[in-house]
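Asker: Got a structure for you, written out below as structure tokens; questions coming shortly.
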Amino acid sequence: MDHTEYIWHPFTQMKLETQPIKIIRGEGAILFDDNNKSYIDAISSWWTNLHGHAHPYIAKKVFEQHQILEHVIFAGFTHEPALNLAKRLIEDHLPENIFKIFYSDNGSTSVEVAIKMAIKYWFNRNIPKTKIIAFESAYHGDTFGSMSVSERDAFTKAFHKNLFDVTFIPLPLKGQEEKCNQAFEKAISENDVAAFIYEPLILGAGGMLMYEPASLNYLLQKAKEKDIICIADEVMTGFFRTGKMFASEYCEIKPDIMCLSKGLTGGTMALGVTACAQFIYDAFYNDDKMKAFYHGHSYTANPLACTAALASLDLVEKEGFIDSINIIQSQHQKFAETIKQATHFENIRQRGTIIAFDLKTNSETNYFNSSRDILYRYFIERGILLRPLGNTVYLMPPYCITAEQLQLVYASILEYK
Ligand SMILES: *Cc1c(COP(=O)(O)O)cnc(C)c1O
């Protein structure tokens, strides 16, 4: 059966791409197709999976919850999984200044909520601040709000006239810190900035671009001096991708709002969290009904998704979990040394469990670089799921990946000609 007879796939030119691979089951870091061919999922299925596919513990917990309560309206009603998850995130994991959890459905909506919270915060206080600052090359999602704060690129070209104005500043990449700081200081010179949104330390879809905590800390410091709401989009970086629970932990200055999704449920179900500081919440808490936050989705705080997230946290908090992070990290570090010798890759960069490098080409490093399809097919043929961003190859494996599986991935990269 041709699946594309009925399905329109995301991020896919349906006319040009080959048939999608039909996956029957998953186990640990491995996916199996309908011919029982296996694939090492070296990108955690679009950066979502933490503990491996079809994890029996998460499956058991979700199954148990499903027999009690699958879903309930979240306005006027609440439930244990939503409460337990919010309490646990705030008390045990998020920075100390984080005070409340607002639920939604995915990464884009968690960003959408964050932007709306920040803008209405100033509106409720009767202070005319609406300007938003974001990084060039940023990716915050595919809805109109999240597209607005993302790099205006070929993907979003059709919508540029419909997006709201955002002030973009260059990234503080090595050697460009001064350029970034100057642009930032200029952008905040008038008292009209509502919020600064950023992907802490690693810009994911923008090409796995990495920058230093000290550079971010400097920007956050400047933002704080001007009362600018700092929004950390940790949708990709959250849950130990960078070696710590959240990338924001590398910085002394904490964000006022944090966006979580992807790894939140261990990669099991769609769920979004926008976590905020008390002063934000307080600006909505009022006798005036119109100051409330009028936003919500029908599946907000779905009990099954919250249960999957709680089960994933159980696994994160288990003894030995951090060892799996450290092992991937040190293997990546060793591999970084090896791949430096390979002449056709450059810009090798690594933080935590993510390693990225660019295939040298004559054309520009970007998503539409023609080597992307060749690389993608090369790895798929070898039973490895890597989905290069243009000529940028990166690894972001589930934490259960074995040393042997990781070595197989490394070897196939080194064998690429
Ligand atoms: C993937 C991603 C998003 C969007 O999340 P979706 O769940 O795909 O909507 C937002 N921000 C960052 C940093 C991401 O990597």
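The values are calculated or read from the model by the stated rules, or taken from the named source; none is laboratory data. Computed from a prediction, not measured in an experiment: that's the story for all the values here. Glycine gets a Cβ as well: all are built from the backbone with ideal geometry, and neighbour counts include every protein chain shown. Calculation scope for accessible area: heavy atoms of the full protein, side chains included, ligands and nucleic acids excluded. Shrake-Rupley method; radii C 1.70, N 1.55, O 1.52, S 1.80 Å.
Asker: Pairs to check: LYS100/LYS291; LYS87/LYS222; LYS129/LYS226; LYS174/LYS224. Give those whose C-alpha atoms are more than 21 Å from each other in this structure.
Answerer: With Cα atoms farther than 21 Å apart: LYS87/LYS222; LYS174/LYS224.
Asker: So, one more: Expected output is a single nm value to one decimal: the length gained when fully extending between ALA158 and GLU136, i.e. 0.36 nm times separation in residues minus the C-alpha distance. What is it? The partial results should precede the final answer.
Answerer: Details: separation 22, 0.36 × 22 = 7.92 nm, distance 1.85 nm.
Residue separation times 0.36 nm, minus the Cα-Cα distance, leaves 6.1 nm.
Asker: Any lysines with Cα under 17 Å of the LYS244 Cα? List them, leaving off those in the same chain fewer than 8 positions away.
Answerer: Cross-link targets: LYS254, LYS262, LYS318.
Asker: Percent of accessible area on the chain owned by carbon and sulfur, 1.4 Å probe?
Answerer: On the way: 10700 of 20050 Å².
Ligands and nucleic acids excluded, carbon and sulfur give 53 percent.
Asker: Probe of 1.4 angstrom, ligands and nucleic acids ignored: what's the accessible area per residue over the range 197-256, in square angstrom?
Answerer: Per residue, the range 197-256 has an accessible area of 27 Å².
Asker: Name the trypsin sites (Lys or Arg not before Pro) in the range 173-229 that are in a loop by DSSP and that have at most 13 other C-beta atoms within 10 Å, would you?
Answerer: LYS174
Asker: Any chance you could check the Cα centroid distance between the range 110-139 and the range 293-339 for me, in angstrom?
Answerer: Cα centroid to Cα centroid, the span is 27 Å.
Asker: List the GluC sites (Glu not before Pro) in the range 100-168 that DSSP assigns to loop (not H, G, I, E or B) and whose Cβ has at most 10 other Cβ atoms within 10 Å. Which are they? Spell out each step's value before the answer.
Answerer: Details: sites: GLU112, GLU136, GLU151; in loops: GLU136, GLU151.
When the GluC sites (Glu not before Pro) of the range 100-168 are filtered for loop state and at most 10 Cβ neighbours within 10 Å, nothing remains.
Asker: Now a separate question. Just the number, please: percent antiparallel of the DSSP beta bridges in the chain, rounded to the nearest 5. Before the final figure, lay out each step's value.
Answerer: Working: 30 of 46 bridges.
Counting only bridges with both partners in the chain, antiparallel ones make up about 65 percent.
Asker: While we're on this one: Just from its helices, what would the mean residue ellipticity at 222 nm be for the chain, if runs of 4 or more DSSP H residues each count -39500 (n - 2.57) and the sum is divided by every residue, rounded to the nearest 500 deg cm²/dmol?
Answerer: Estimated from H runs of four or more residues: -10000 deg cm²/dmol.
Asker: Still on this structure, please answer the following. Please figure out what share of the DSSP beta bridges in the range 217-373 is antiparallel and state it in percent, rounded to the nearest 5.
Answerer: 75 percent
Asker: Ranked highest first by the average count of other Cβ atoms within 10 Å around their residues, in what order do 246-255, 380-389, 73-82, 8-17 fall? Before the final figure, lay out each step's value.
Answerer: Values: 246-255: 20.9, 380-389: 18.4, 73-82: 14.1, 8-17: 8.6.
Packing proxy ranking, top to bottom: 246-255, 380-389, 73-82, 8-17.
Asker: Further question: Report the Stokes-Einstein translational diffusion coefficient (µm² s⁻¹, integer) for the chain, Rh taken as the Kirkwood radius over Cα pairs, at 10 °C with viscosity 1.306 mPa s.
Answerer: In µm²/s, the coefficient is 71.
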